[in-house]
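One structure is given here, and the rest of the page talks about it.
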Amino acid sequence: MYPDHTRAPAQRVVEVHHSAPLPPAVPVSAPVVPVQPNAVPAVASIVLPDGRVVTGYAINPAQPEPVAAKPAVSRTAVNVALGGVGFLAVCGGLILLTSFIAALTAFITQLIILAAVIFGGWIAVQVFSASGHQGGGTTVNIRKATFKRNHFHG
(Lines give C-alpha, C1' and ligand atoms only; values in the text may rest on other atoms or scores of the structure.)
Protein backbone atom coordinates (compact mmCIF):
# COMPACT_ATOMS: atom_id res chain seq x y z
CA MET A 1 0.00 0.00 0.00
CA TYR A 2 2.83 2.46 0.76
CA PRO A 3 5.70 2.82 -1.66
CA ASP A 4 9.07 1.55 -0.54
CA HIS A 5 10.68 4.93 0.03
CA THR A 6 7.97 6.11 2.53
CA ARG A 7 7.08 4.62 5.86
CA ALA A 8 3.71 4.22 7.48
CA PRO A 9 2.60 7.16 9.65
CA ALA A 10 3.77 6.87 13.21
CA GLN A 11 1.17 6.20 15.84
CA ARG A 12 0.55 9.04 18.24
CA VAL A 13 -0.04 8.83 21.94
CA VAL A 14 -3.42 10.30 22.89
CA GLU A 15 -3.93 11.75 26.37
CA VAL A 16 -7.44 11.88 27.79
CA HIS A 17 -8.31 14.60 30.30
CA HIS A 18 -11.27 14.21 32.61
CA SER A 19 -13.00 17.29 33.97
CA ALA A 20 -13.05 17.77 37.72
CA PRO A 21 -16.12 19.38 39.33
CA LEU A 22 -15.54 22.80 40.84
CA PRO A 23 -16.51 23.40 44.44
CA PRO A 24 -19.41 25.83 44.89
CA ALA A 25 -18.30 29.44 45.31
CA VAL A 26 -20.66 30.08 48.23
CA PRO A 27 -21.12 27.27 50.70
CA VAL A 28 -24.76 26.52 51.43
CA SER A 29 -25.30 26.77 55.16
CA ALA A 30 -28.99 25.96 55.35
CA PRO A 31 -30.87 23.28 53.46
CA VAL A 32 -33.10 24.49 50.64
CA VAL A 33 -36.75 24.34 51.66
CA PRO A 34 -39.38 24.46 48.92
CA VAL A 35 -41.77 27.35 49.44
CA GLN A 36 -45.32 27.42 48.21
CA PRO A 37 -46.14 30.33 45.90
CA ASN A 38 -48.46 33.03 47.21
CA ALA A 39 -51.13 32.24 44.66
CA VAL A 40 -51.78 28.91 43.07
CA PRO A 41 -51.53 29.29 39.30
CA ALA A 42 -54.48 28.19 37.23
CA VAL A 43 -54.29 24.84 35.55
CA ALA A 44 -54.79 24.99 31.81
CA SER A 45 -56.06 22.13 29.70
CA ILE A 46 -55.58 21.95 25.95
CA VAL A 47 -57.39 19.51 23.68
CA LEU A 48 -55.17 18.46 20.79
CA PRO A 49 -56.64 17.80 17.33
CA ASP A 50 -56.33 14.03 17.80
CA GLY A 51 -58.46 14.16 20.99
CA ARG A 52 -55.75 13.97 23.63
CA VAL A 53 -55.96 16.39 26.55
CA VAL A 54 -52.81 18.03 27.86
CA THR A 55 -53.09 19.61 31.30
CA GLY A 56 -50.46 21.85 32.87
CA TYR A 57 -49.68 25.15 34.39
CA ALA A 58 -49.59 28.17 32.15
CA ILE A 59 -46.19 29.78 32.07
CA ASN A 60 -46.35 33.52 31.96
CA PRO A 61 -43.69 35.01 29.70
CA ALA A 62 -41.09 37.16 31.41
CA GLN A 63 -42.25 40.73 31.47
CA PRO A 64 -39.62 43.34 30.64
CA GLU A 65 -39.09 46.06 33.17
CA PRO A 66 -41.36 49.00 32.51
CA VAL A 67 -39.67 51.90 30.81
CA ALA A 68 -40.12 55.26 32.40
CA ALA A 69 -42.99 56.87 30.54
CA LYS A 70 -42.00 60.00 28.68
CA PRO A 71 -44.38 62.90 29.13
CA ALA A 72 -46.40 63.46 26.02
CA VAL A 73 -45.89 66.76 24.25
CA SER A 74 -49.14 68.38 23.32
CA ARG A 75 -49.87 69.35 19.73
CA THR A 76 -50.60 72.88 20.87
CA ALA A 77 -47.11 73.27 22.31
CA VAL A 78 -45.56 71.92 19.12
CA ASN A 79 -47.67 74.25 16.96
CA VAL A 80 -46.78 77.27 19.10
CA ALA A 81 -43.08 76.42 18.92
CA LEU A 82 -43.18 75.93 15.15
CA GLY A 83 -45.15 79.15 14.74
CA GLY A 84 -42.55 81.03 16.77
CA VAL A 85 -39.72 79.63 14.65
CA GLY A 86 -41.59 80.55 11.46
CA PHE A 87 -42.30 84.07 12.74
CA LEU A 88 -38.62 84.60 13.58
CA ALA A 89 -37.60 83.34 10.14
CA VAL A 90 -40.01 85.77 8.44
CA CYS A 91 -38.80 88.69 10.57
CA GLY A 92 -35.19 87.85 9.78
CA GLY A 93 -35.99 87.65 6.09
CA LEU A 94 -37.73 91.04 6.17
CA ILE A 95 -34.76 92.62 7.94
CA LEU A 96 -32.41 91.19 5.31
CA LEU A 97 -34.71 92.41 2.52
CA THR A 98 -34.86 95.90 4.02
CA SER A 99 -31.08 96.01 4.36
CA PHE A 100 -30.68 94.88 0.76
CA ILE A 101 -33.09 97.55 -0.52
CA ALA A 102 -31.29 100.28 1.49
CA ALA A 103 -27.89 99.16 0.16
CA LEU A 104 -29.21 99.05 -3.41
CA THR A 105 -30.69 102.56 -3.05
CA ALA A 106 -27.38 103.91 -1.72
CA PHE A 107 -25.50 102.26 -4.59
CA ILE A 108 -27.82 103.73 -7.25
CA THR A 109 -27.58 107.17 -5.59
CA GLN A 110 -23.78 107.00 -5.70
CA LEU A 111 -23.87 105.99 -9.36
CA ILE A 112 -26.09 109.00 -10.17
CA ILE A 113 -23.77 111.36 -8.27
CA LEU A 114 -20.73 109.88 -10.03
CA ALA A 115 -22.41 110.33 -13.43
CA ALA A 116 -23.28 113.96 -12.55
CA VAL A 117 -19.71 114.69 -11.46
CA ILE A 118 -18.23 113.13 -14.60
CA PHE A 119 -20.74 114.85 -16.91
CA GLY A 120 -20.31 118.19 -15.10
CA GLY A 121 -16.54 117.87 -15.37
CA TRP A 122 -16.80 117.17 -19.06
CA ILE A 123 -19.03 120.26 -19.52
CA ALA A 124 -16.59 122.39 -17.53
CA VAL A 125 -13.67 121.19 -19.64
CA GLN A 126 -15.58 122.03 -22.81
CA VAL A 127 -16.51 125.52 -21.61
CA PHE A 128 -13.11 126.46 -20.26
CA SER A 129 -11.15 124.95 -23.15
CA ALA A 130 -13.22 126.82 -25.79
CA SER A 131 -12.58 130.26 -24.30
CA GLY A 132 -9.23 129.58 -22.69
CA HIS A 133 -7.00 129.68 -25.81
CA GLN A 134 -8.46 132.94 -27.19
CA GLY A 135 -6.71 135.35 -24.82
CA GLY A 136 -9.25 135.67 -22.08
CA GLY A 137 -11.65 138.14 -23.77
CA THR A 138 -14.52 137.94 -26.19
CA THR A 139 -13.43 137.90 -29.79
CA VAL A 140 -15.91 138.76 -32.49
CA ASN A 141 -15.26 137.98 -36.12
CA ILE A 142 -16.34 141.17 -37.82
CA ARG A 143 -16.73 139.70 -41.27
CA LYS A 144 -19.32 137.12 -40.13
CA ALA A 145 -20.95 139.17 -37.43
CA THR A 146 -24.33 140.79 -37.67
CA PHE A 147 -24.90 143.87 -35.59
CA LYS A 148 -28.57 144.61 -35.08
CA ARG A 149 -28.06 147.83 -33.19
CA ASN A 150 -26.37 149.57 -36.09
CA HIS A 151 -28.28 147.63 -38.69
CA PHE A 152 -25.03 146.48 -40.12
CA HIS A 153 -25.29 143.26 -42.08
CA GLY A 154 -22.10 141.98 -43.49
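The values are calculated or read from the model by the stated rules, or taken from the named source; none is laboratory data. Here the structure is a predicted model, which is why all the values come from computation and not from measurement. Cβ placement follows ideal geometry from the backbone for every residue including glycine, while neighbour counts extend to all protein chains displayed. For the accessible areas, the whole protein counts, side chains as well, though only heavy atoms, and no ligand, DNA or RNA atoms are used. Shrake-Rupley method; radii C 1.70, N 1.55, O 1.52, S 1.80 Å.
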What FRET efficiency comes out for the pair VAL54/VAL16, r = Cβ-Cβ distance, R0 = 35 Å, nearest 0.05? 0.20
So how much slack lies between SER74 and PHE107, counting 0.36 nm per residue of separation and subtracting their Cα-Cα distance, in nm? 6.9 nm
With the crude spin-label approximation of a point 7 Å out along Cα→Cβ, what separation in nm comes out for PHE119 versus VAL90? 4.3
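If packing is taken as the average number of other Cβ atoms within 10 Å across a peptide's residues, how do 87-99, 42-54 rank, most packed first?
87-99, 42-54
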Which of ILE123, ILE59, ILE101 is most accessible, then next, and so on - probe 1.4 Å: ILE59, ILE101, ILE123
